[in-house]
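Trainee: The structure under discussion is supplied below as structure tokens; questions concerning it will follow.
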Amino acid sequence: MTNLLGAASLCFIPGMITIIIAHGLWKKVAVYDSFIEGAKTGIKTAAEILPFIIAIFIGIEAMVSSGAMGYLEDLIGPVLEKLGIPRELTSLILLRPVSGSGSLALVERMVTTYGADSFLGNVASVMAGSCETVFYVIAVYFGATAVKKIRHSLLAGLVGYGTGVIASVWLYRIWEWH
Amino acid sequence: MMNYIWGGMLLIGIVFAAYRGVLGAFSEGLMNSCTEGVFFVIGLTGIMAVWSGLMNIAKDSGLIDSFARLVRPAMKYLFPNERNRETIATMLMSFSANIFGAGNSATVFAIQSMVMLDEENGHSPIASDTMCMFMAVNMSMIQIVPVTIIKIRSDAGSTNPGSIIIPSILAGLVSMVASIWVCKYYERKRRK
């Protein structure tokens with residue numbers, strides 16, 4: 001099963017390219033010219049999101065390198081424990097919504113510290129595998145639009161995130177027990 | 001909203017850094033992170049150009065049209081107001097790229113979907129229902145095979161690095177249902 005899914009993932013990019021080019025040629029589309037035309041808009045979009053990416057990067061860095069993040073961890077750790085979430089996961093829970101690469105580095109450290117097949121290591125892995133970088137996504141995606149009022153999208157993301165975190169811990173407990 | 005969150009992050013950071021006496025490291029971190037941001041976008045630019053180019057071919061050949069028609073019924077529940085076939089196809093490409101672990105490509109498709117939705121929204125400063133729902137689904141859309149995490153686990157000597165796949169998928173689904181529910185709740189509330 002895992003191998004099958006892995007193979008499907010491996011084939012995604014080459015598969016898409018094959019289908020698009022082959023279908024284009026079959027329909028007699030000037031594929032090269034069409035590609036260039038589209039690529040131009042792609043580069044424009046990339047340039048447009050740059051300021052938003054820089055803004056979110058420095059915002060996150062300010063919280064992490066100043067130690068404010070560490071203080072928040074001490075603050076919410078006890079609350080999480082009441083929900084059945086081990087305190088050791090607090091920093092991951094706080095870091096994950098803002099930084100994909102940062103949280104992966106943290107998972108790596110947790111897996112090595114607590115052991116590759118330990119409960120904490122596994123729950124950390126499940127969490128990183130099932131919860132998204134909410135703040136980052138909102139900043140960057142809306143950055144490409146004229147939107148100023150994001151309405152309920154942040155709430156939807158955070159509720160989903162919170163549910164995902166709790167589900168990761170409890171589903172893993174059930175999974176291990178069975 | 002973003003003004004207070006972002007402004008708050010920076011100001012709180014500065015206060016903490018000053019209090020803990022790490023202002024030097026703080027400034028250095030800030031300067032490094034903006035360079036990192038630029039490199040990240042440079043990396044993304046190439047992929048963005050490639051997928052935008054390929055999607056343009058698919059648009060010209062009519063592939064997007066047929067693809068969108070095929071998935072319309074499934075997308076209709078989530079995005080009842082969405083009529084534009086190209087947008088539907090781009091959103092779906094973003095979901096699929098996410099599922100198959102092509103993270104950067106997924107970001108590219110998502111940003112492009114948002115640009116299209118913005119146009120349909122008349123560049124309004126208020127996010128549309130479709131935008132919110134798209135974000136909600138996108139944020140909880142997960143990779144079927146989290147390759148990086150599996151690699152981390154196998155490097156650390158796990159006996160079964162793939163054992164986290166099924167719990168991850170389940171937890172991701174639970175989280176997605178919760179996000180969609182919040183969106184549907186607000187859509188209904190607004191219509192009343």
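Trainee: Please enumerate the residues belonging to segment B:130-142 that are more than 7 Å from chain A (Cβ to nearest Cβ) and assigned to a loop (DSSP other than H, G, I, E, B).
Mentor: Selection gives B:Met141 alone.
Trainee: Going by the conditions given, is A:Thr41 modelled with pLDDT of 90 or more, out of contact with any Cys (no Cβ under 9 Å at 6 or more places or on another chain) and closer than 22 Å to B:Asn98 by Cβ? Can you show your working first?
Mentor: Working: modelled with pLDDT of 90 or more: no; out of contact with any Cys (no Cβ under 9 Å at 6 or more places or on another chain): yes; closer than 22 Å to B:Asn98 by Cβ: yes.
For A:Thr41, the condition - modelled with pLDDT of 90 or more, out of contact with any Cys (no Cβ under 9 Å at 6 or more places or on another chain) and closer than 22 Å to B:Asn98 by Cβ - is not met.
Trainee: Additional query: Name the single residue that is surrounded by the fewest Cβ atoms within 10 Å (Cβ to Cβ) among those in segment B:143-179 being outside any helix (DSSP H, G or I) and in contact (Cβ under 8 Å) with a residue 24 or more places away in the chain.
Mentor: Step by step, filter segment B:143-179, then rank; the result is B:Ile144.
For (1) within 18 Å of A:Ala47 (Cα to Cα); (2) over 19 Å from the mean Cα position of the chain (by Cα), each residue gets a yes or a no:
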position: B:Phe26; (1), (2): no, yes
position: B:Val50; (1), (2): yes, no
position: B:Gly53; (1), (2): yes, yes
position: B:Tyr77; (1), (2): no, yes
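Trainee: Ok, one more. Could you pull out the residue among B:Phe39, B:Phe79, B:Phe16, B:Phe26 that is crowded, with 17+ Cβ neighbours inside 10 Å and under 30 Å from A:Gly15 (Cβ atoms)?
Mentor: B:Phe79
Trainee: Which helices (runs of 4 or more DSSP H) sit wholly inside segment A:69-178 and have at least 2 residues that are at the interface with another protein chain (Cβ under 9 Å from one of its Cβ atoms) and in contact with a Cys (Cβ under 6 Å, 6 or more places away or on another chain)?
Mentor: A:153-177
Trainee: Could you go through segment B:4-17 and let me know if any residue there is more than 10 Å from every other protein chain (Cβ to nearest Cβ), in contact with a helix residue (DSSP H, G or I) (Cβ under 7 Å, 6 or more places away or on another chain) and either closer than 30 Å to A:Gly102 by Cβ or not β-branched (Val, Ile, Thr) (or both).
Mentor: No, segment B:4-17 contains no residue that is more than 10 Å from every other protein chain (Cβ to nearest Cβ), in contact with a helix residue (DSSP H, G or I) (Cβ under 7 Å, 6 or more places away or on another chain) and either closer than 30 Å to A:Gly102 by Cβ or not β-branched (Val, Ile, Thr) (or both).
Trainee: Another question, if that's okay. Of the residues that make up segment A:15-33, is at least one within 23 Å of B:Thr148 (Cα to Cα), at pLDDT below 85 and small (Gly, Ala, Ser)?
Mentor: No.
Trainee: If you don't mind, there's one more thing I want to ask. Out of all the residues in segment A:22-35, which are more than 7 Å from every other protein chain (Cβ to nearest Cβ) and either in a helix (DSSP H, G or I) or β-branched (Val, Ile, Thr) (or both)?
Mentor: A:Ala22, A:Leu25, A:Trp26, A:Tyr32, A:Asp33
Trainee: Has segment B:149-162 got any residue that is among the aliphatic types (A, V, I, L, M), farther than 18 Å from A:Ala139 by Cα, at the interface with chain A (Cβ under 9 Å from one of its Cβ atoms) and under 20 Å from the mean Cα position of the chain (by Cα)?
Mentor: Yes, that holds for at least one residue.
The values are calculated or read from the model by the stated rules, or taken from the named source; none is laboratory data. Since the model is a prediction, treat every value here as computed from it, not as a measurement. For neighbour counting, all protein chains shown are included, and Cβ atoms are generated from backbone atoms with ideal geometry for every residue, glycine included.
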